[in-house]
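Visitor: I am attaching a structure below and will ask some questions about it afterwards.
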Amino acid sequence: MFYRVLAQAYDEIESTSGTLDKIQLYSDMLKNAEPAEIDMIVALTMGKLHPDWKSEPEIGIAEKMAIQVVATAASVPEKVVVDLLRKTGDIGSTGEALLQESAQATLFAEDLTVSLVYNALAQTAKLSGSGSNKAKVSKLAGLLTDADPIEARYILRTVTGSLRLGLGDMGIIDSLSTAFTGNRDARGDIEAAFNVCSDLGSVANVLVEKGIDAVRDIHTQVGVPIRMMAAKKLSDAEEIMEKIGKKAFVEYKYDGERVQAHKNGNEVVLYSRRQEVITHQYPDVVQLILTNIKAESCVLEGECVAIDPDTGKMRPFQELMRRRRKTNIESMQKEVPVALFVFDILYLNGADVTSLPMLDRRKLMEETIEVSDRVSLTIGEFTEEPDRLYEIFEEAINTGYEGVIAKAIHENSRYQAGARSWLWIKLKASYTEGLADSADLVIVGAIHGRGKRTGLYGAILASAYDDMTDTYPTVCKIGTGFTEEMLTEFKERLDEHKIETKNPKVISGIDADVWFEPVEVIEVLGDEITSSPTHPAGKGRIAGDAGLAIRFPRFTGKWRDDKDPTQATTVDDLIEAFEKQRQTRE
């Protein structure tokens, strides 16, 4: 398939407002593609050449380099690119306009195909070492020189991670189902396969080449991360017990990093919540698993928690995150030792056990794990009483834990990969006063500090993630509660992600002094969720013409380095909390 066909489909999808219409357009394009190109098309549309767990280099380039690429391809000074970018707010449209005006068209220009573009981007991503940035600029500029202006628009958006189609993962799944089974009825099967293999391009290949029955046969494998199950959140114990089936296993919630451990013989691979390979960060955890797990092959999930080397007591999450930022792992093992608390098992000695009820999986864990002071199961107990749930919660808080998770134990209490399910419900300390939920928000902009804060950022603009449109609408501006150390860390971290203009995926009614790529995620508390004429999150999906905002937001001091921005609090989460808050007051 010529890449211009894909670019024209992208253009139509971008210009169409209805979700179903977008799905149909993408589906029609997929049906006309060569089977061998389907996985490439899916990867390009998702904005990732490879799944994170494959640890392959990605193409994502910063705006500064994209400006150099456009300037080189269009033979104009970088200042011309920057000036136009400030007007358009989009590097893709900027490149399209400048290449349209330039005299770069040549008799030797090569027609771009999907595979040619994909492979060129993959080769560019692998360039490393001295002079690699210059080589990347040259290779991408060469690609743009061969591109039509509309192709240049989408190549530039792809490499900067801002395709702007309003078509998220579920939209792609719906499109695959429609294109290759005739309707959207198979979306559940395709999503289930994606959840256990974490590679939608691979699932698409199986669907095209072997059909939907083969997709249904895709199951858990050791060495391939499963998309992690997540919990719902409630603040009322009676409602939790009602939702969960009147009887629950209540586990302590640990303030650590969630880890999915894959063991196959003497080989252990650790994956983060973001599905990144983090084995190198925790060689001590690898050794603990080899020593304490009595299984030839298994997939376990647990919390990796920092502990005090002298007292054995748990240390805060931020202490653990120091290990992410250090290269001297050997010394950090001594400075920040860890313990592993296992809470689920997904695979055991050749069998996928995700469909087993929670209690059966717990029993398998008890039989598989040799408990020590550094490896154990999570603390928990059974209850049918809401009052006892509160008591367990208080006991957890008073002994230094983050809170509790109530888990269903009925016969349908399977592990639901990739789902945020009522089978698991969190009750955390922060839910007991003010806003009934802490929110994980993405930093997208900042306001310059004044007075004592001159040279730093005085306020931070934060967004939720809208998984329906793949955008980041703002929900609050945080300007109070910062210590000097916090402000300094904001400056150091955020300046790495500074861009000339607002990222096209960011939707904001507030003009920031500085804009950032939506990368960093922080934990925020607030007093309540209110309707807002300023912030656009949820606009059009709640009554009236307003969006949603978090009132009196404050930074908890917790950077969510373990979360991808697409794993931040969603707009749907906020709408659900807003509606519940309103019902409570009525």
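The values are calculated or read from the model by the stated rules, or taken from the named source; none is laboratory data. Remember, predicted model here, so these are calculated numbers, not experimental data. Please note: Cβ atoms are built from the backbone with ideal geometry, for glycine as well, and neighbour counts cover all protein chains shown.
Visitor: Can you work out which of the residues in region 540-578 that are at pLDDT 85 or above and of a type in the set (Asp, Glu) is nearest to THR488 (Cα to Cα)?
Guide: Applying the filter and picking the extreme gives ASP561.
Visitor: Turning to a different aspect of this structure: For LEU49, all conditions in the list (1) aliphatic (A, V, I, L, M); (2) out of contact with any helix residue (DSSP H, G or I) (no Cβ under 6 Å at 6 or more places or on another chain); (3) more than 25 Å from ALA97 (Cα to Cα) hold save one; what is the number of the exception?
Guide: The single condition LEU49 does not satisfy is (2).
Visitor: Output the residues belonging to region 437-466 that are modelled with pLDDT under 90 and farther than 17 Å from GLY557 by Cβ.
Guide: Listed by number, the residues that qualify are ASP437, GLY449, ARG450, GLY451, LYS452, ARG453, THR454, GLY455.
Visitor: Restricting the first residue to region 523-547 and requiring it to be at positive phi, which pairs with a second residue that is in a strand (DSSP E or B) and of a type in the set (Ser, Thr, Tyr) meet a Cβ separation below 7 Å and a spacing of at least six or different chains?
Guide: Note: pairs meeting the criteria are GLY544/SER531.
Visitor: So which of THR399, THR383 ends up being of a type in the set (S, T, N, Q) and either crowded, with 19+ Cβ neighbours inside 10 Å or touching a strand residue (DSSP E or B) at 6+ places or on another chain (Cβ under 7 Å) (or both)?
Guide: Selected residue: THR383, the only one of THR399, THR383 that is of a type in the set (S, T, N, Q) and either crowded, with 19+ Cβ neighbours inside 10 Å or touching a strand residue (DSSP E or B) at 6+ places or on another chain (Cβ under 7 Å) (or both).
Visitor: Give me the pairs, please: first residue somewhere in region 293-304 and closer than 11 Å to VAL222 by Cα and in a strand (DSSP E or B), second residue anywhere and modelled with pLDDT of 95 or more and not aliphatic (A, V, I, L, M), beta-carbon distance under 6 Å, and either six or more positions apart or on two chains.
Guide: SER297/ASN264; SER297/ASN349; CYS298/LYS263; CYS298/TYR347; VAL299/HIS262; VAL299/TYR347
Visitor: Filter region 509-530 down to the residues that are among the acidic types (Asp, Glu) and either in contact with a Lys or Arg (Cβ under 8 Å, 6 or more places away or on another chain) or not assigned by TED's automatic domain parsing to the domain that holds ALA464 (or both), then identify the one that is surrounded by the most Cβ atoms within 10 Å (Cβ to Cβ).
Guide: GLU520
Visitor: Pick out, from region 469-586, the strands (runs of 3 or more DSSP E) lying fully within it that include 1 or more residues that are within 20 Å of the chain's Cα centre (by Cα) and more than 27 Å from GLY166 (Cβ to Cβ).
Guide: 521-525, 554-559
Visitor: Can you tell me which condition GLU267 does not meet? The list is (1) farther than 20 Å from ARG362 by Cα; (2) in contact with a Gly (Cβ under 9 Å, 6 or more places away or on another chain); (3) touching a residue at least 60 places away in the same chain (Cβ under 8 Å), and all the others hold.
Guide: Unmet condition: (3).
Visitor: So is ILE155 closer than 30 Å to MET228 by Cβ and either at pLDDT 95 or above or of a type in the set (D, E, K, R) (or both) or not?
Guide: Criteria not met by ILE155.
Visitor: Kindly provide the set of residues from region 553-586 that are under 30 Å from MET321 (Cβ atoms) and of a type in the set (D, E, K, R), ordered by number.
Guide: Those that are under 30 Å from MET321 (Cβ atoms) and of a type in the set (D, E, K, R): ARG554, LYS558, ARG560, ASP561, ASP562, LYS563, ASP564, ASP572, ASP573, GLU576.
Conditions tested, residue by residue: (1) farther than 25 Å from GLU276 by Cβ; (2) touching a residue at least 60 places away in the same chain (Cβ under 8 Å).
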{"site": "LEU320", "(1), (2)": "no, yes"}
{"site": "MET332", "(1), (2)": "no, no"}
{"site": "PHE343", "(1), (2)": "no, yes"}
{"site": "ASN349", "(1), (2)": "yes, no"}
{"site": "LEU364", "(1), (2)": "yes, no"}
{"site": "ILE392", "(1), (2)": "yes, yes"}
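This table checks each residue for (1) assigned by TED's automatic domain parsing to the domain that holds ALA306; (2) surrounded by 19 or more Cβ atoms within 10 Å (Cβ to Cβ); (3) touching a His at 6+ places or on another chain (Cβ under 7 Å).
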| site | (1), (2), (3) |
| --- | --- |
| HIS219 | no, no, no |
| GLY223 | no, no, yes |
| ASP236 | yes, no, no |
| ILE240 | yes, yes, no |
| LYS243 | yes, no, no |
| VAL250 | yes, yes, no |
| TYR254 | yes, yes, no |
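Visitor: Is it the case, given these coordinates, that GLU489 is modelled with pLDDT under 90, surrounded by fewer than 16 Cβ atoms within 10 Å (Cβ to Cβ) and either under 24 Å from ARG450 (Cα atoms) or acidic (Asp, Glu) (or both)?
Guide: no
Visitor: Would you confirm, using the coordinates I've provided, whether ALA406 is in a loop (DSSP other than H, G, I, E, B), in contact with a helix residue (DSSP H, G or I) (Cβ under 7 Å, 6 or more places away or on another chain) and either at pLDDT 95 or above or not aromatic (Phe, Trp, Tyr) (or both)?
Guide: In short, no.
Visitor: Within region 44-60, take every residue that is under 15 Å from LYS126 (Cβ atoms) and among the small types (Gly, Ala, Ser) and give me the one that is modelled with the lowest pLDDT.
Guide: The residue in question is GLY60.
Visitor: Quick one: would you say THR569 is among the hydroxyl-bearing types (Ser, Thr, Tyr) and closer than 26 Å to MET486 by Cα?
Guide: Considered against the rule, which asks whether it is among the hydroxyl-bearing types (Ser, Thr, Tyr) and closer than 26 Å to MET486 by Cα, THR569 comes out as yes.
Visitor: Being small (Gly, Ala, Ser), in a helix (DSSP H, G or I) and surrounded by fewer than 23 Cβ atoms within 10 Å (Cβ to Cβ) is true for just one of ALA122, ALA152. Which residue is that?
Guide: Only one candidate qualifies: ALA122.
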